[in-house]
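Below is one structure, written out as C-alpha cells; the observations come after it.
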Amino acid sequence: MRKLFYKAFLLPGFVLPALFCTCTDQEKVPVSTGPEVELWYDAPAADWNEALPVGNGRLGAMVFGGTSKERIQLNEESVWCRQGSYIDSDGTEAIPQVRQMLFDGLYKEAQDLAVEKLLQKRMPGGTNAYQTLGDIMITYDDSSEVTAYRRSLRLDSALVRVNYTKSGNDYCREVFSSAARNVIIFREKAVNGGRINCTIQLTRPGEGEVVMYGENQISMKQHVENGQGVLLGAGVKVVHIEGHIHSLGDRLEVHGAHSLELRVVASTDYSGNEPCEDCEACLAQSMECNFSRALEEHVKEYQGYFDRVAINLGNSNTRHLPTNERLDLVKRGKADPGLAALYFNYGRYLLIRSSRPGTLPANLQGIWNEHLEPPWNSDYHININLQMNYWPAEITNLSECHLPYLEFMGALRESGRKTASTTYNCRGWVAHHTTDVWHQTQLFGSPSWGMWPMGAAWSCTHIWEHYLFTGDTTFLRDYGYDVMREAALFMSDFLVEHPRTGKLVTGPSLSPENRFATPAGDTAAINMGPAMDMQIVWHLFTSVIEAGKVLETDQEFGELLQSQLDQLAPVEIGSDGRILEWSEEGLVEVEPGHRHISHLYGLYPSPQYNWADTPEYMEAAEKVLDYRLQHGGGHTGWSRAWMINFYARLKDADQAHHHVQKLFEKSTHPNLFDNHPPFQIDGNFGGTAGIAEMLLQSHAGYIELLPTLPEAWKDGEVSGLMARGGFQVDMAWEESKLVELQILSKLGNTLELRYGTSEMQLATTPGQVITLEEVLKVL
C-alpha cells in the first residue's frame, strides 16, 4: 500500500530519508528533502511558542535548544490541582419556570432566574487546572559564539535534534519521549573531541517542591498546591561518558564529559499509584537499554502510527528555508503547498504524542503547558474544543488515538447521572460546557456559555463515528452503545413540547458563547431549541438508532427516539436566507462576527446537511458563512480551522484553501502551534482534519475522491486516509485529475464511490484492493 505514495517521490536526485539517525563523529546534517516531515530553525527558541514539542501521550517536553543555557520544560498529563468543586443545582422548580418564561418571550427575566437558581459562579482561574511539571535547566560553562546552528523536529521519528559548533567543536543534542520505555531521553554529544561542562537543575515554579540531588540523580516530590491536587514525583538520571559528575547542593555539576545523557521520568497519584515508586521503577526499566536501543524502540513504536499516512500536496521551492521563514513568506502571500503538507503531518504527530490508549484525552493545550495557572485552566471545553481535538483521529488513520476521549466520556457518567437527575429531573447523563480530570458535569459560569446541556450528547456522537470507520462491534457492544444510549436517554427526557408549535425542543439552552438582542431591547443568551441543539439531537438520536440496529438490540428505545425525531422542531431558515441560530427570526446576534458558528453543526461535523439531500440548508450555510466573515468571523485559530471544514463540505475549494492560508497567516506560531491566541491545540487538529476533508469525504453514505481540491494543490498524492465503512484510500492526481488509486476494503463492505460526476457501487471482500483500472471499468 506504500508503493503508490513513494513512486511520486522517486524523482531525479531524491534519496529516501533514513528512518532515523543518531549523532556520529563529523556528522553534518543536510537540509531536508523528500516528504514534508521536518520543522527546522537556525536559532534557539526565544520563547515557549518557538520551542519544539516531544511527547509520548503522557510525558511531554518543550525543547528550546539553547547553547549557553538549555531549558526543557516538562509536563505529565495528570499534574492537576483541585482547590474546589461545584454542586448539582436543584432545578426541580426553576427549570419549568425558566422554560415557561422563554416560551412567553421573557428572555432576560428567564436568564436572570437561571443565574439566580441554577448557575453557580465560576471558580477563579487556575482552580482545578492542568499545571506544568517543571523545568530542566542545563547551564553550559562555555558561552562562546555559536556557528552552524540547526534545530529540528523530525516528524517521521518524533525526534528533536540540535546541532551547532562552538569553540571549534561540534555538538549534537537529541531529545525524544519514548512510549516504549515511558521516559524522556536527552543526549548531548561532543562530536569531534570537545567536552561538555555544565550544571543541571530540576525546578518547579511555586512553592512546596522537595528536590534532592544525589551523585548522578535528581528527585523531586510535591503535593500540588499544598495538598490541593495530585502528589507528583519526578526523577532525572544522569549518564555520562568520560569526565565526572558531583552534587553542589542545588544542582549537579558535570565536567569533561564526551557524552551526556538524561533519563527523565514522572508520575502522580491520580490513578492511585505511589509516584516516587513509579519513578524508580520507570528509571530502572529505562536503564536496561542503551541510547541506541531506546531510540530504535521509540522510532519503531511511533512509526507504527505515523507511517500509516503520507501526503504530498505539490512541490515547494522554500524547503531550504527555516520553518519560521517559510511561515512568514506565506503570511506575505507566497504559495507554499509543502507547508500545508507539513502542517498536516504535524497535526498527526501532535495527536500521536498527546493521546494514545491508556492516557487522558488531549486537553486545550494537548499535554504541553508551561503555567501553573494556564489559559482556561488548560481543561476540557466540550462545546467544541475537545471535540475538535479528535476530528482528525479517524480520517487520518489514528483510530486508537481517539480512545482516550471515548473512554473519558464513560468516566463522566457517574457525575453526569447525578446532574441529570438533580438539576433536570431526567434519566441518563449530561455534561455542560466544561469538564476536567475530576469529572465535573455541573452547571456553572456565565449564562452565555454555562447554560448548555449538550456536551455529553455531542461527545457521544464520536463513539458512533469510531464505529463507522472501524466497524468495531465489540467496542460498540461492550462499551460504546451504553454510553451513547444514556446520553440519548437524557435528551429524550429533556425534550419538551413547544406550546405554540407542538414540536419538541430542547431548553433552557443556548448557542455556545453567543448572545442575541431580544425584541424588548435586552441582551440574552438562553432560549428554547437553538439550532445547534436540534442538530446535535438529530445526530445523536440517528446514531443510537443505527447502533441499536447493528447490535440487534433495544428496538423499543430506537422506536421512541425515532418518534421524537419525527416530532423534532426543524431548524429554520430566515427571510434573508441564513440558517437561524436561535429558534425565532426576531433574535438578532449581538456579535455578527462571532467566533462560534454553532448553527452550522449540521454541516460539519454532523452529516445532516449535504448537497444531494438538503441543498437548501447548504445554500443557507453559505450565507451564514458569508455574513460571519464579512463581520470579522474566523478570527481565532480554532474558528478558522472550522471554516476549512465547512468549506470542504460545501465543496468550495477556493474558500477552503483560502482559510488554510489564513490559518497560517493569522493564527500560527513559529513552531506551528495554533494561536487562538494564546496557544490552543484544537486549531492544529481542526486544520489537519480540514486538509483531509478537502481530499476525501465519506459522511454522506458514499466515498468521494478529491471533493474540494484547490488549484494550489493540483499535483499531489496521499496514502492511508480512512473512509467510513473501513476503506483505506491511496490516490495520486496530476493537473487536478486522478491518475492512480488503490482502495483497501478492510471490512468487506459495499463500496459506493464518487469522483466528479461519476459514481459506482461494488461489493467487496475483507482485504480486497480496488485499483483505478477496476473503478474505470465500472464507471
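How would the range 313-386 be classified by its alpha-carbon gyration tensor: rounded, prolate or oblate, with rounded meaning a/c under 1.5 and the a/b versus b/c comparison settling the rest? In terms of gyration-tensor shape, prolate. Values [x] 1.29; [y] 1.07; [z] 0.98 are given for comparison; Rg/Rh (Cα atoms, Kirkwood Rh), derived from the coordinates here, is the one labelled [z].
Rounded, prolate or oblate: which fits the range 415-505, taking a ≥ b ≥ c as square roots of the Cα gyration tensor eigenvalues, rounded meaning a/c under 1.5, else prolate when a/b beats b/c? Verdict is oblate for the range 415-505. Our summary gives the chain a relative contact order of 13 percent, counting only alpha carbon pairs under 8 angstrom and 6 or more residues apart. Ordering V483, I691, L260 by the projection of their Cα atoms onto the charge dipole of the chain, which places +1 on the Cβ of Lys and Arg and -1 on the Cβ of Asp and Glu, puts L260 at the extreme positive end. The mean accessible area for residues of the chain, using a 1.4 Å probe and ignoring ligands and nucleic acids, is 35 Å² per residue.
With every protein chain in place and a 1.4 angstrom probe, the accessible-area ranking of C276, C81, largest first, reads C276, C81.
Between E207 and E711, the contour length at 0.36 nm per residue exceeds the alpha carbon distance by 175.9 nm.
The residue among H539, L625, L74 whose Cα reaches farthest toward the positive pole of the charge dipole of the chain, with charges on the beta-carbon of Lys, Arg, Asp and Glu, is L74. Peptides 301-313, 598-610 ordered by packing proxy, namely the average of other Cβ atoms within 10 Å per residue, highest first: 598-610, 301-313.
For K334, the lysines whose Cα falls under 16 Å of its own Cα, not counting residues fewer than eight places away in the same chain, are K662, K666. On C-alpha positions alone, give me the angle between the axis of helix 399-424 and the longest principal axis of the chain, in degrees, nearest 10. Taking Cα atoms only, the helix is inclined about 50 degrees. Potential lengthening of the chain between W438 and E297 amounts to 47.4 nm, from the contour at 0.36 nm per residue minus the alpha-carbon distance.
As a rough guide to protection, the peptides 445-452, 385-392 ranked by mean Cβ packing within 10 Å, highest first, stand as 385-392, 445-452. What is the calculated FRET efficiency for H258 to A284, with r their C-beta to C-beta distance and R₀ = 30 Å, to the nearest 0.05? It comes out at approximately 0.75. With a simple spin-label model that places each label point 7 Å from the Cα along the Cα-to-Cβ direction, the separation between E274 and R122 comes to 4.1 nm. Secondary-structure-derived ellipticity at 222 nm for the chain, considering helices only, amounts to -10000 deg cm²/dmol, per-run term -39500 (n - 2.57) for DSSP H runs with n ≥ 4. Return the percentage of antiparallel bridges among DSSP beta bridges fully within the range 609-754, rounded to the nearest 5 %. About 90 percent, rounded to the nearest 5.
Among the protein heavy atoms of the chain, carbon and sulfur supply 48% of the accessible surface, probe 1.4 Å, non-protein parts ignored. Reported value for the range 109-193: 240 Å³ per residue, from the convex hull of its C-alpha atoms. Residue ranges 714-724, 627-637, 410-420 sort as 714-724, 410-420, 627-637 when ordered by packing (mean number of other C-beta atoms within 10 Å per residue, highest first).
The values are calculated or read from the model by the stated rules, or taken from the named source; none is laboratory data. Predicted, not measured: the structure shown is a model, and the values here were computed from it. Because the Cβ atoms are built from the backbone with ideal geometry, glycine has one as well, and the counts that use them run over all protein chains shown. These accessible areas exclude ligands, DNA and RNA; they are computed on the full protein's heavy atoms, side chains included. Shrake-Rupley method; radii C 1.70, N 1.55, O 1.52, S 1.80 Å.
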